[in-house]
Amino acid sequence: MITLKTAEEIEKMSAAADLVSRTLGEIAKWVAPGITTRKIDQIACEFIRDNGGKPACLGYGGFPGTVCCEVNEIVVHGFPSNYVLREGDIIGTDTVVELDGYNGDMCYTFPVGEISEEARRLLVTTKESLYVGIEACQEGRRIGDIANAIQTFCEKRGYSVVREMCGHGIGRKMHEDPEVPNFGRRGTGPIIKNGMCICIEPMINQGSKNIVIERDGWTCRTRDRKLSAHYEHTLAIVDGKTEILTTFDYVKEVMGDRYI
Ligand code: MF3
Ligand code: CO
């Protein structure tokens, strides 16, 4: 069931989205060769709590961290660990903040130091595809229009779209209806309506679309171990307009001319 939000609820969604955006800005200060993903996770957890929020991923279905750490071939849901980031890695940091009963969900994939041209091109394309999806997200159109726009854009550039993982509705719960896939046909799926809050999150692979879930039951990686990238925003449809509630501005401020 898709729950449509009132103006008051969207205001709360917006506050949660701002805190998760600032959390990614904090993470941006720390992503560099030599840091463990566990340290990044701890910093994010503390930041969220210090600002009155709740790290919503922590303990969600048993997930053991605040931040999903997606290094290189990890698509989504990687555990924070002792892994030490290395020059040339890419790391997606995906996290959800609950504030005043509402959730904001967001992901940014960072370059670690200098990265290869191929890796950079994957990040640029995946991030662009998020905005292509947002552009297609218009009141009166359908969820399949978003999905098709992302798929078409990424496949044209020679990348593949993960099938098993999707974007989603969001609100009091981190995952609500509808599912928002990154592949599909135009004119299909639920109609986009005022009051809807959704997360769009393309997960795009350099090689084949196939994934494997590791034995821990969570970590999702590419089957061919080629790179995967992931960017995510939380959006609301208000008075016929699509508002992006989260922002990469805090990340951009920290990264300066290294910003992708
Ligand atoms: N943005 C991720 C998702 O929508 C957040 C997952 S949190 C976790 O799946 F706890 F489930 F890992
Ligand atoms: Co999400």
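Below is a table of values for the structure above.
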| read-out | value |
| --- | --- |
| Accessible surface, 1.4 Å probe, highest first, among residues 36, 66 | 36, 66 |
| Cα centroid of the range 231-260 to Cα centroid of the range 3-66, whole Å | 15 Å |
| Heavy-atom accessible area per residue - the chain, 1.4 Å, Å² | 43 Å² |
| Rg over Rh [alpha-carbon atoms, Kirkwood Rh] for the range 42-192 | 0.98 |
| Contour excess over end-to-end distance, with Cα ends at residue 81 and residue 226 and 0.36 nm allotted per residue | 50.2 nm |
| Proportion of all alpha-carbon pairs of the chain beyond 24 Å (%) | 42 percent |
| For the chain, calculated [θ]222 nm from helices alone, where every DSSP H run of n ≥ 4 adds -39500 (n - 2.57) | -10000 deg cm²/dmol |
| Within the range 47-172: Cβ-based charge dipole about Cα centre, in debye rounded to nearest 20 (Lys, Arg +1; Asp, Glu -1) | 240 debye |
| Relative contact order (%) - the chain, alpha-carbon pairs under 8 angstrom, separation at least six | 24 percent |
| Overall Cα dimensions of the range 104-183 - principal axes, largest extent first, Å | 39, 28, 22 |
| Segments 168-175, 126-133 sorted - mean Cβ within 10 Å per residue, highest first | 126-133, 168-175 |
| Student exercise, the range 22-111 dipole from Lys, Arg, Asp, Glu Cβ charges, in Debye to nearest 20 | 200 debye |
| Among 95-104, 215-224, the order from most to least packed when residues are scored by Cβ within 10 Å on average | 95-104, 215-224 |
| Cα-Cα over 24 Å, subset of 29/226; 5/54; 156/226; 12/241; 127/252; 5/156 | 29/226; 5/156 |
| Area of residue 139 that stays accessible when all protein chains are in place (1.4 Å probe, Å², to 10) | 90 Å² |
| The range 1-100, relative contact order in percent, only Cα pairs under 8 angstrom and at least six apart counted | 32 percent |
| Percent accessible area from carbon and sulfur atoms, the chain, protein chains only, probe 1.4 Å | 47 percent |
| Relative contact order (percent, whole number), the range 136-260, Cα cutoff 8 Å, 6+ residue spacing | 25 percent |
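The values are calculated or read from the model by the stated rules, or taken from the named source; none is laboratory data. Please read all numbers here as calculations on a predicted model, not as lab measurements. We place every Cβ from the backbone using ideal geometry, glycine too, and count neighbours over all the protein chains shown. Note: areas computed on protein heavy atoms with side chains; ligands, DNA, RNA excluded. Shrake-Rupley method; radii C 1.70, N 1.55, O 1.52, S 1.80 Å.
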